[in-house]
Amino acid sequence: MMNNWPDTLSNLRKAAGRLAEKNHAVTSAYRGLNEAVSRGTALDDKTRELISLAVAVTTRCDGCISSHSAAARKAGATEEEVAEALGTAIALNAGAAYVYSARALEAFNQFEG
């Protein structure tokens, strides 16, 4: 096992609680953003959590992975659906690396001479 994800989520919640005590305005705004997203009607909770989990992978956020894995499970996602969503994240990340590699090469070449 690479990580104990339930422990990661529990530890994140404790740490976030301490942060909320010290910086209530920012954590309140963050919670408001998440609440606004969850009030949407075009996507169901499962789809939203599958997207969130894929984004969590592309941003390399262990806290997000633990949180959205738990939420995707609660929303009824299957292992096959999660694997397919993660496949999209893998494809996108490879695409992003390709695009940014082209940008990096362009930048490198602009410093000629």
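The values are calculated or read from the model by the stated rules, or taken from the named source; none is laboratory data. This one's a predicted model, so the numbers in the text were calculated from it and none came from an experiment. Neighbour counts run over all protein chains shown; Cβ positions are idealised from the backbone, glycine included. Ligands, DNA and RNA are excluded from the accessible area calculation, which covers all protein heavy atoms including side chains. Shrake-Rupley method; radii C 1.70, N 1.55, O 1.52, S 1.80 Å.
Take the Cα of residue 60, step 7 Å toward its Cβ, do the same at residue 13, and the gap between the two points is 2.8 nm.
In the context of the full set of protein chains, the chain has a per residue accessible area of 77 Å² (1.4 Å probe). Each helix, a run of at least 4 DSSP H residues, gives -39500 (n - 2.57); summed and divided by the residues of the chain, these come to -27500 deg cm²/dmol at 222 nm. Over all Cα atoms in region 69-113, the spread is summed up by Rg and Dmax: 17.9, 58 Å. Under the convention that each Lys and Arg Cβ holds +1 and each Asp and Glu Cβ holds -1, the size of the dipole of the chain around its Cα centre is about 540 debye.
With contacts taken as Cα pairs under 8 Å and at least 6 residues apart, the chain reaches a relative contact order of 25 percent.
All other residues whose Cβ lies under 14 angstrom from that of residue 27 are scored, Lys and Arg at +1 and Asp and Glu at -1, for a net of +3.
One decimal place: the segment residue 111-residue 35 gains 22.7 nm when fully extended, by the rule 0.36 nm per residue minus the C-alpha distance. For the chain, dividing the convex hull volume of the Cα atoms by the residue count gives 172 Å³ per residue. With all protein chains present, how much of the accessible area of the chain (probe radius 1.4 Å) comes from carbon and sulfur, to the nearest whole percent? Answer for the chain: carbon and sulfur cover 59 percent of the accessible area. Filter the GluC sites (Glu not before Pro) in region 7-113 down to the DSSP loop ones having no more than 11 other Cβ atoms within 10 Å, then list what survives. When the GluC sites (Glu not before Pro) of region 7-113 are filtered for loop state and at most 11 Cβ neighbours within 10 Å, 112 remain.
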